[in-house]
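The values are calculated or read from the model by the stated rules, or taken from the named source; none is laboratory data. Computed from a predicted structure; not experimentally measured. Cβ coordinates were reconstructed from backbone atoms using ideal geometry, including for glycine residues, and neighbour counts include every protein chain displayed.
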């Protein structure tokens, strides 16, 4: 059982920055992002309290044509805000390539992705995983495209509530995996 957590827009306030699309190529942009405090606290708590029941990973895209310091700065940010998730549990992907392609082994229903971007969630589910929408301060308003119809967890609700929601989703995924094993 694995929980993969996106970084930009889920844990880090990527879109809050003025001219973020231009500024993300500036040195210091990623390391200087402000956290979604409740989501960060929940991610650390989930990692600390997993008791071997599941693993928590960061799964974050690195910008195409990235500056050479993008991943280093993301690691600095994670070292500061998410120390419970070590560097061996951080995966940086390329934009435009489905995140599932970066996962060791094949993914299944008990591999959960928490991400703010519908395209990533749709691709994850198409590859057999369980997708959970991260509702942040700017998305899921119905202004562009269709609204996500699956599971949703807001990243600014209390950290204990986020952990509780994920605990339930993890239990459901574990039960689904167990039921599928009995069918074989």
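A few remarks follow.
- Conditions (1) surrounded by fewer than 18 Cβ atoms within 10 Å (Cβ to Cβ); (2) modelled with pLDDT of 85 or more; (3) not in a loop (DSSP other than H, G, I, E, B); number of the one not met by residue 177: (2)
- Test for residue 25: is it in contact (Cβ under 8 Å) with a residue 12 or more places away in the chain, within 15 Å of the chain's Cα centre (by Cα) and either loosely packed, with under 15 Cβ neighbours inside 10 Å or closer than 30 Å to residue 167 by Cβ (or both): no
- Flag for residue 156 being assigned to a helix (DSSP H, G or I) and under 20 Å from residue 58 (Cβ atoms): no
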